[in-house]
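The values are calculated or read from the model by the stated rules, or taken from the named source; none is laboratory data. Only a predicted model underlies this, so the values are computations on that prediction, with no experimental measurement involved. Heads up, the Cβs are rebuilt from the backbone with ideal geometry, glycines too, and the neighbour counts pull from every protein chain shown.
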Amino acid sequence: MDRSPEYQVAFLIVLGTAGMLVLVVAIVLFVIVYQKRILQSQLEKQQLEANFQQKMLEAALESQENERRRIAADLHDSVGAMLATVKLGMGNMLRSGKTEDQDFTRSVLDETISSVRKISRDLMPSTLEHYGLSAALREFCERLQQSSDITFSFIEEGEASMLALRDSSTLYRIVQELVSNAVKHSGAKVVTISLTWKKPELMLVVQDNGCGFSVEEKKKQNGGLGLYNLENRARVLGATLNYNSAPATGTRIELRWNYEKT
Ligand SMILES: Nc1ncnc2c1ncn2[C@@H]1O[C@H](COP(=O)(O)OP(=O)(O)OP(=O)(O)O)[C@@H](O)[C@H]1O
Ligand SMILES: [Mg+2]
């Protein structure tokens, strides 16, 4: 069947326009689907971030509660019990007037005083307040050494800066948790705490030669609060944390913080 040239041109124009239309629709559809995907992955990311924040908040609240419970138990079980014994001892002492009753009461009072000192030192070591982070960590190591077979060492390099008490106590708590983890879980023989001051950065490392662990796995298992609290504290400080742990070498946790930024 013969078609006139006008017909053929009109046919080609219609075909071309239809092709263009299909192409435009395909592009529009592609853009819509692509944007939807991006939006979805952004939403998923936000959801993950929100879950993490929620977990950190819960960990912070729970550990505050645990801390209160621990202090209450310390006060009740040690100070409370000792003061009750002193009261008894004083009754005996007044009744009998014997020197052994006086000596007993005096020794229980001494124990009570050192117990109160220990509780308050654990809460906020006065060395931290008066002499700064390095002195407090050195004292912390010495104290641990006295009651343990593990070798604790403290190494410091560079010129120390005096930090705000808020920041130094955050760093002190971080070290307390890391060392307590090394003692509780690693079976290490040697635990080293090191501070390296290199203006404007402070690098704090806690290292043990114990059994090592997988941080990601432990976090997924939802066990303790320690690791969440650590990250919480580091985040508040604006510091970065790096975990390096392997069965053969033990655990090395490194914190880097720009102390001149605060
Ligand atoms: N230095 C370490 N060596 C070996 N395993 C460790 C070390 N630090 C942590 N872990 C493992 O990671 C887990 C999680 O530590 P995390 O501090 O969060 O909890 P926890 O110490 O068990 O409890 P909490 O800190 O709440 O008292 C530990 O139970 C332990 O199995
Ligand atoms: Mg812990």
* Condition met for Ala164 (aliphatic (A, V, I, L, M) and within 16 Å of ligand 2 (Cβ to nearest atom)) -> no
* Asked: Ser134: more than 16 Å from ligand 2 (Cβ to nearest atom) and assigned to a helix (DSSP H, G or I), yes or no?
  -> yes
* Asked: Quick check: is even one residue across segment 233-244 more than 26 Å from Leu123 (Cβ to Cβ) and within 7 Å of ligand 1 (Cβ to nearest atom)?
  -> no
* To do: Looking only at segment 199-209, decide whether some residue is under 26 Å from Glu58 (Cα atoms), within 9 Å of ligand 1 (Cβ to nearest atom) and buried (at least 18 other Cβ atoms within 10 Å of the Cβ).
  => yes
* Asked: Within the bounds of segment 39-53, is there any residue that is surrounded by 10 or more Cβ atoms within 10 Å (Cβ to Cβ), modelled with pLDDT under 85 and under 30 Å from Lys220 (Cβ atoms)?
  -> yes
* Structure fact -> Only one of Leu230, Leu241, Leu255, Leu195 is of a type outside the set (S, T, N, Q), under 16 Å from the mean Cα position of the chain (by Cα) and more than 15 Å from ligand 2 (Cβ to nearest atom), namely Leu255
* Structure fact -> Just one listed residue, out of Arg95, Arg117, Arg68, Arg106, is in a helix (DSSP H, G or I) and exposed (fewer than 10 other Cβ atoms within 10 Å of the Cβ), and it is Arg95
* Residues of segment 222-232 that turn out to be more than 10 Å from ligand 1 (Cβ to nearest atom) and either among the basic types (Lys, Arg) or loosely packed, with under 15 Cβ neighbours inside 10 Å (or both), as a count -> 0
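Could you tell me how many of the residues in segment 157-207 are among the polar types (S, T, N, Q) and closer than 23 Å to Lys261 by Cα?
6
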* To do: State yes or no: is Val191 crowded, with 17+ Cβ neighbours inside 10 Å and more than 23 Å from Ala72 (Cα to Cα)?
  => yes
* Return yes or no: is Met56 in contact with an Asp or Glu (Cβ under 9 Å, 6 or more places away or on another chain) and surrounded by 10 or more Cβ atoms within 10 Å (Cβ to Cβ)? => yes
* With (1) within 16 Å of ligand 2 (Cβ to nearest atom); (2) surrounded by 15 or more Cβ atoms within 10 Å (Cβ to Cβ) as the list, and Ser180 as the residue in question, which single condition is left unmet? -> (2)
* Exactly one of (1) within 16 Å of Asn181 (Cα to Cα); (2) within 16 Å of ligand 2 (Cβ to nearest atom) is unmet by Pro247. Its number? -> (2)
* To do: With the checklist (1) buried (at least 16 other Cβ atoms within 10 Å of the Cβ); (2) among the basic types (Lys, Arg); (3) within 14 Å of ligand 2 (Cβ to nearest atom) in hand, flag the one item Lys219 doesn't pass.
  => (1)
